[in-house]
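Reviewing the structure listed below.
The values are calculated or read from the model by the stated rules, or taken from the named source; none is laboratory data. Note that the structure is predicted; figures quoted are calculated from it, not measured. When we count neighbours, we look across all protein chains shown, and the Cβ atoms used for this are built from the backbone with ideal geometry, even at glycine. In case anyone asks, the SASA skips ligands and DNA or RNA and just uses the protein heavy atoms, side chains included. Shrake-Rupley method; radii C 1.70, N 1.55, O 1.52, S 1.80 Å.
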Amino acid sequence: QHLAHLLSSQRLPSLSHRSYVFPSPHLNRMAAGVWFRKCLRLHDNIALAKAAETHDDVVPFFIIDPSFDKQKIGVNRFHFLLESLRDLDEQLRKKYKSRLLVFHGKPAKVMQDLFKGKGLGKLKVESLFYERDIEPYARARDAEVEELSRKYGVPTMSFSGHTLLDLDLVVQDSGFKPPISMSMMQKLMDKHGPVSTPLPAPKKIPKLTIKGHEVPDISSLYKEEPSQRHLMPGGEREALQRLKSNCSDKNFIANFQKPKTESTGQEGAPWEPSTTGLSPYFHFGCLSIRKAWHDFEKCSKGKKGSKPPMSLIGQLLFREMFYILGASVPNYDKDKGNSTCKKIPWTKSKKMIKAWEEGRTGYPYIDALMCQLVQTGWMHHLGRHAVACFLTRGDLWQNWTVGRDIFDKYLLDADWAVNNGNWLWLAGVAPWSSPFFQVYDPSPGPKTSLNAKHAPEFIRHFLPEASRKRRASSQSGGATKKRPAAAK
């Protein structure tokens with residue numbers, strides 16, 4: 001009866017193809033496990049809302065998977081994740097007297113224990129709710145958990161929520177073609193839209209009093225400390241506040257044109273983004289992409305503002321396009337066997353790659369951008385254009401996958417689908433790339449397409465050593481000139 005009620009709910013969104021196994025009839029109370037992965041929020045969280053509507057006991061939990069190599073994930077990025085988990089836990093405690101349980105281990109092993117009731121006192125997870133993911137690792141992980149759930153007779157329900165559309169429905173539609181342009185993306189939106197209205201946070205979530213399994217401190221996972229320089233704080237509350245702040249200026253939202261924003265930050269504050277600064281919150285699901293879509297549309301209603309691809313709606317469509325490509329193109333994250341990647345005979349120089357990563361190329365603008373990336377976990381999209389072009393087709397002729405992996409390590413918004421899509425684009429190897437011969441000047445002036453108006457101040461802030469050397473050189477007459485490190 002419980003599952004029949006669940007499936008008959010009129011608010012139930014489209015589900016992925018899953019097999020449902022009814023639990024044993026002698027069990028009177030069923031604890032629903034809500035598996036948080038990227039959807040680190042209360043608002044517009046369908047899995048949490050459905051579990052709270054249909055169960056007397058709900059166990060919200062997150063799994064820190066040991067397969068995530070600390071050598072490949074920077075401390076700043078992991079710190080942002082932990083802050084987001086802590087924010088979620090605090091809200092669950094304050095609003096509902098519930099909490100977030102954090103487990104460590106392989107997801108399948110953790111699930112097996114939860115299905116057996118280990119570590120949950122008198123509760124046992126007898127149904128599982130979660131938001132779907134398209135990444136290859138996530139798909140393999142989820143398939144393993146689904147198989148395990150069938151073995152233990154645990155029904156599972158998964159939902160679309162990290163994208164504007166249900167990607168399973170889009171990709172499985174007859175006549176589907178992977179979108180490689182904004183016009184193709186807009187046609188898909190016309191066909192599969194409109195974008196669903198985001199759900200509010202649940203009014204009620206059952207109380208949870210289980211002890212232990214706290215959100216860990218970053219010091220227990222990393223020897224190094226997070227940067228103290230302009231790190232964006234993680235969490236849903238910060239995300240919603242930033243969205244509200246951006247939308248308080250309706251003209252800014254309505255007239256936003258991404259290519260006209262500054263790659264070198266704001267005047268007097270080069271660390272402050274000239275854009276919305278919302279991308280890390282989209283990546284971790286602290287902010288619903290659907291809520292942002294509808295809020296941006298409200299701000300632009302009745303105004304003759306900017307249009308896709310330059311508008312904020314256009315930026316969300318680009319994100320959706322890359323997600324659809326990631327869900328439909330085999331080997332999307334590789335340079336071989338990838339139908340969207342042209343074969344290029346790249347060279348390989350560990351010395352050049354290291355100089356690029358550490359901001360030692362000798363080009364102040366490029367180096368300052370890479371220092372910003374390492375120190376803050378963020379970089380303006382035009383800055384990403386500049387450093388990616390420099391590493392690949394522009395100057396160093398290194399494989400785009402190397403730069404992709406370095407971005408994935410440091411960026412707070414290191415989104416698998418978007419990161420791969422952008423690197424394919426900027427390396428000039430994708431159908432949606434600009435002409436291969438159009439490269440960015442690594443020492444741009446204020447009126448170039450990189451919009452480096454505040455470059456001197458930006459460089460002084462993020463690359464103070466280079467500024468000191470330049471001043472010392474000018475004072476001594478500038479007798480020596482050295483070639484850039486990456487050019488040697």
In the set K109, K122, K118, the lone residue that is basic (K, R), within 22 Å of P66 (Cα to Cα) and outside any helix (DSSP H, G or I) is K118
Counting only residues that are part of a helix (DSSP H, G or I) and of a type outside the set (S, T, Y), segment 194-222 contains a total of 1
Expected single match for modelled with pLDDT of 95 or more, in contact with a Cys (Cβ under 9 Å, 6 or more places away or on another chain) and under 30 Å from L165 (Cβ atoms) among K334, K342, K409 is K334
Considering only helices (runs of 4 or more DSSP H) wholly within segment 372-467, the ones with at least 1 residues that are under 26 Å from G285 (Cβ atoms) and open to solvent by less than 40 Å² (accessible area, probe 1.4 Å) are 381-389, 400-410, 416-426
Listed by first then second residue, the pairs whose first member lies in segment 162-184 and is within 27 Å of L199 (Cβ to Cβ), whose partner is among the acidic types (D, E) and part of a loop (DSSP other than H, G, I, E, B), with beta carbons under 8 Å and at least 6 positions apart or on separate chains, are H162/D133
Filter segment 244-269 for residues that are in contact with a helix residue (DSSP H, G or I) (Cβ under 6 Å, 6 or more places away or on another chain) and without any contact (Cβ under 8 Å) to a residue 60 or more places away in the chain; the one that is nearest to P364 (Cα to Cα) is F256
Note to self: Being assigned to a helix (DSSP H, G or I), of a type in the set (D, E, K, R) and open to solvent by 70 Å² or more (accessible area, probe 1.4 Å) is the requirement here; does K177 meet it?
What the structure shows: no
Expected single match for at pLDDT 95 or above and out of contact with any strand residue (DSSP E or B) (no Cβ under 8 Å at 6 or more places or on another chain) among L188, L231, L208 is L188
Taking first residues from segment 72-88 that are within 10 Å of L412 (Cα to Cα) and small (G, A, S) and second residues anywhere that are in a helix (DSSP H, G or I) and open to solvent by 10 Å² or more (accessible area, probe 1.4 Å), the pairs with Cβ under 7 Å that are 6 or more apart or on different chains are G74/K409; G74/Y410
Go through the residues of segment 223-233 one by one and say whether even a single one is open to solvent by 60 Å² or more (accessible area, probe 1.4 Å), more than 30 Å from K124 (Cβ to Cβ), among the polar types (S, T, N, Q) and in a helix (DSSP H, G or I).
no
In segment 33-81, residues that are open to solvent by 10 Å² or more (accessible area, probe 1.4 Å), outside any loop (DSSP other than H, G, I, E, B) and basic (K, R) total 1
When segment 235-274 is checked residue by residue, the ones that are within 23 Å of P309 (Cα to Cα), among the acidic types (D, E) and open to solvent by 60 Å² or more (accessible area, probe 1.4 Å) are D249
Within segment 140-157, residues within 21 Å of T54 (Cα to Cα) and either of a type in the set (S, T, Y) or more than 25 Å from the chain's Cα centre (by Cα) (or both) come out as S149, R150, Y152, G153, V154, P155, T156
Checked pairs for segment 323-337, first more than 17 Å from V171 (Cβ to Cβ), second open to solvent by less than 30 Å² (accessible area, probe 1.4 Å), C-beta under 6 Å and 6 or more apart or across chains, list as D335/C341; D335/T401
